Protein chains: 4
Amino acid sequence: MPRTPEANQRIREAQRARILESARIVFARKGMEATIADIATEAQISLGLAYRYFADKEAIFAELIKQMVPEASEGLQSLLEMPGTPGERLYELISGIVGARGKRQALEAHQLLNHALDADAMPEKTRELLSRRYQSLLETMRQLIVEGQATGEIVRGDPDQLVAIMSACLDGLTRWALRDPEQFRTYVPDARIIMRLFQPSRTEMSNFEAP
Amino acid sequence: MPRTPEANQRIREAQRARILESARIVFARKGMEATIADIATEAQISLGLAYRYFADKEAIFAELIKQMVPEASEGLQSLLEMPGTPGERLYELISGIVGARGKRQALEAHQLLNHALDADAMPEKTRELLSRRYQSLLETMRQLIVEGQATGEIVRGDPDQLVAIMSACLDGLTRWALRDPEQFRTYVPDARIIMRLFQPSRTEMSNFEAP
Amino acid sequence: MPRTPEANQRIREAQRARILESARIVFARKGMEATIADIATEAQISLGLAYRYFADKEAIFAELIKQMVPEASEGLQSLLEMPGTPGERLYELISGIVGARGKRQALEAHQLLNHALDADAMPEKTRELLSRRYQSLLETMRQLIVEGQATGEIVRGDPDQLVAIMSACLDGLTRWALRDPEQFRTYVPDARIIMRLFQPSRTEMSNFEAP
Amino acid sequence: MPRTPEANQRIREAQRARILESARIVFARKGMEATIADIATEAQISLGLAYRYFADKEAIFAELIKQMVPEASEGLQSLLEMPGTPGERLYELISGIVGARGKRQALEAHQLLNHALDADAMPEKTRELLSRRYQSLLETMRQLIVEGQATGEIVRGDPDQLVAIMSACLDGLTRWALRDPEQFRTYVPDARIIMRLFQPSRTEMSNFEAP
DNA sequence: TATGAATGAGTATTCATTCAT
DNA sequence: TATGAATGAATACTCATTCAT
């Protein structure tokens, strides 16, 4: 007596989700060394079954990323339309990102992205996807910066450069959180401090001019 | 007639250097996946020969790190005794680090360090060495911050937190430089911008307060 | 439809036995030089599969020994409680051992034990096991000797020395059987002859005294 | 200024002897795992030089055996012509062999022979040589046995069988001495005990008959 | 004659992937 | 759909042997 197609469909989806969840855990624990066998064991399914759901290891990895990135960037659009000064909204953005760094899921997601960006063997499609998501975050940030510069709230200068530096800084914070979550939580990186990168300088810092 | 011991010595040193140089290139290109065979190929020697010079893959890696880290941290002490205000000297430090990011060698070194910190299988000794070097950089920075806070040049607040955030930021910049050196050089990250993280705020940024 | 767990269990056991049997043959033929590849070839399985059943070469070897040694020493206890004079029972023991030397399996087992005792790289556990089994054989022999000396059936003298010499002799016979089974079977070493080592001397051998 | 041919000749011979001596030591220490590099190191010569004196590892091994076997069997002939009863001379032979077992050199020699007999890769010539030397020992023994049987000093029975069993016993004693020289020396195997293998039995051992 | 650097073929071991059931 | 046994292609590492000096 065959299962109904609907039941099959449900089973497939559940299994697929389960494999991905296990992969997330295992990749976070073992890094790229993680084995298909590890994932299958974690998911409590057979080794072979994983291959009925994903063509190969790469595919699991790619799907995992596809799922994670949206989580990381969702709600971006809303920031542009929120009330408040550009600076305030930028603060929201930054502090949201920094705050998320304390959370396991977000860290695992970022860990994965790091691996993904390092791996030479990343399929072009995944790489593009990643890139596109990331770009949208940067564009949101850029737009807020431009607006903030107009109001004088944000320091003058090439917005792209500001975006680049800020994103580098956020990236570094994430790596920190990944490497030593304990310490990270102790120092609770304060979004206000990070925002200083955008802060119009007055006078006394002028003596930092390069010679 | 045998080679003179001196000639042999020269050969050994040259080959050793060559292997390390090749390893540097290959590790930077492929990360920890890099194969001894890759290194041997790059060095244009036979696979077996690599083992006459290094006990195993780990040994090559460890030696590489040992060689690279000093380069990255040398001159640290001098900064503490240089003339100039603490802020000026901090600027020197930061701008030195950021400036080095444009250079291939320094980037490869950092790539290696990243791999090293990720790798679970890092021998304790190497890990410690790394850690110690890094600590000395952070301590230098911390001392300059404390001095700068005394003179009012540097923003008030927990120096450890400031150090942590700055180092995260520098780390992020390095990763950026590694990922896309082209773009990195285009935006020439300006040490003055980064120094803003330490800049005493005035008044107008106060509206970034968290709700 | 998956195989039933029982079927899998059967397969695993069969393969395991097959690998061990092949290892037995190959080790006997080639000694410790034997290769995992040799074993896999003999067992007509892939090289990799051997590793699903045994962690490494050492493990195969150890298991083989564990299996073989009991065969060699079983029935020892019963000898102590059998009826008959101590000399008769000793004769049973010796002739049992010598008789077994004509059989392929027993010879291969002994070959293995020899290799095992030679090999420096023998895991302590296996070595101990071997040692313990062997000791129990020797102790049985010793006890029978002591009893036989009490009845005058066995020559006087240090029982330990008698045990040592007899076991050396049996070892030598085994090596002979291994080296040239053909010849061994031709000369059918007679347990009665070997028993002479225990025979109380009368008078005429006294002229063999060392000067 | 070239050396005289005679000087060269002397050097060659000295080196050759040195290599062989080192090989003896190293083989005894490490067994067949011993490396050409080990031998060269022990002989304090370069790795390459060994190959100017011996075609390959096998050749060193074979030569070593060629040298050692005569040492082990020399003086055999003289035994046949010595005064004394056959039994006495047999005793001399056996006790000479057993006595030698306490000496390092003889043990190393035997160790080597064991390896040689095990090794599949022994060249036919070496194997033959070994065999021939060994045969001459056995023949000497056989002759003495036959003589002794004529005088009634030695037990009746197939002389070849007696030889075989005795040689097996001696082989076993040697292995014992090799495995645990300490213990061996403690129990000082007594040639008189071993000679019992040849002792004409009286009456009481008759109950050892196989059923 | 002497040296030791260099080579290359061989061996153990791991893991993604396939396949019979 | 589900299982896990089986495969084979890496990859690290060793060592006898050759060769330039």
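Listed values, structure above:
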read-out: A:T4-C:A150 pseudo-label distance in nm [points 7 Å out on the Cα-to-Cβ vector]; value: 8.5 nm
read-out: Cβ-based charge dipole, segment A:134-181, positive-most Cα from A:L137, A:I154, A:W176; value: A:W176
read-out: Unit charges on C-beta of K, R, D, E only; dipole of segment C:5-57, Debye; value: 60 debye
read-out: 7 Å along Cα→Cβ, label-point gaps from B:T4 to other copies, nm, shortest first; value: 3.2, 8.2, 9.2
read-out: Sites D:D180 and C:I11, calculated FRET efficiency, Cβ-Cβ separation with R0 45 Å, nearest 0.05; value: 0.55
read-out: Backbone HN-Hα couplings from phi across segment B:142-155 [Karplus 6.51/-1.76/1.60, Hz, Gly and Pro as x]; value: 4, 4, 5, 4, 4, 4, x, 5, 4, 8, x, 6, 10, 4
read-out: Where the Cα pairs of segment A:5-57 fall when distances are cut into 10 Å bins, in %; value: 27, 54, 16, 3
read-out: FRET efficiency for B:K57 and D:R29, using Cβ-Cβ distance with R0 set to 25 Å, rounded to 0.05; value: 0.25
read-out: Where rotation carries C onto B, the chain C residue whose Cβ is nearest that axis, in whole Å; value: C:D56, 9
read-out: 3J(HN,Hα) from dihedral phi, segment C:27-37, Karplus parametrisation 6.51/-1.76/1.60, rounded to Hz, x for glycine, proline; value: 5, 4, 6, 10, x, 5, 5, 3, 9, 4, 4
read-out: Accessible surface of segment D:5-57 [probe 1.4 Å, protein heavy atoms]: carbon and sulfur percent; value: 51 percent
read-out: Too-long pairs where the Cα-Cα distance tops 24 Å, listed order kept, from C:K30/D:K30; C:K30/D:K57; A:K30/A:K66; B:K30/B:K57; B:K57/C:K30; A:K30/B:K30; value: B:K57/C:K30
read-out: Amide H contacts under 5 Å for A:D190, placed H, 5+ residues apart; value: none
read-out: Segment A:5-57 - percent relative contact order, Cα under 8 Å, separation 6 or more; value: 32 percent
read-out: Within-14-Å neighbourhood charge of A:G172 [Cβ basis; K, R +1; D, E -1]; value: +3
read-out: Inter-copy label distances at A:G102 (7 Å, Cα→Cβ; nm, one decimal); value: 4.0, 8.2, 8.5
read-out: Cβ-defined net charge surrounding C:I39, 15 Å radius [Lys, Arg +1; Asp, Glu -1]; value: -1
read-out: Using a 7 Å Cα-to-Cβ projection, C:L47 label spacings across copies, nm, ascending; value: 1.0, 1.7, 2.4
read-out: Sites A:L47 and C:K66, calculated FRET efficiency, Cβ-Cβ separation with R0 35 Å, nearest 0.05; value: 0.75
read-out: Threshold 50 Å², segment A:159-194 residues less accessible with all protein chains present than alone (1.4 Å probe); value: A:Q161, A:I165, A:A168, A:R175, A:R179, A:Y187, A:R192, A:I193
read-out: Long-range amide H partners of B:Q199 with built H, under 5 Å; value: B:V155
read-out: Accessible area of B:S22 in the full protein assembly, 1.4 Å probe (Å², nearest 10); value: 10 Å²
read-out: ³J(HN,Hα) computed for each position of segment A:98-104 - Karplus, 6.51 cos²θ - 1.76 cosθ + 1.60, integer Hz, glycine/proline x; value: 4, x, 4, 5, x, 9, 3
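The values are calculated or read from the model by the stated rules, or taken from the named source; none is laboratory data. Given the structure is predicted, the values throughout are model-derived calculations rather than measurements. Here the Cβ is made from the backbone with ideal geometry for all residues, glycine too, and neighbour counts use every protein chain on show. Remember, those area values only see protein heavy atoms, side chains included, never the ligands or the DNA or RNA. Shrake-Rupley method; radii C 1.70, N 1.55, O 1.52, S 1.80 Å.
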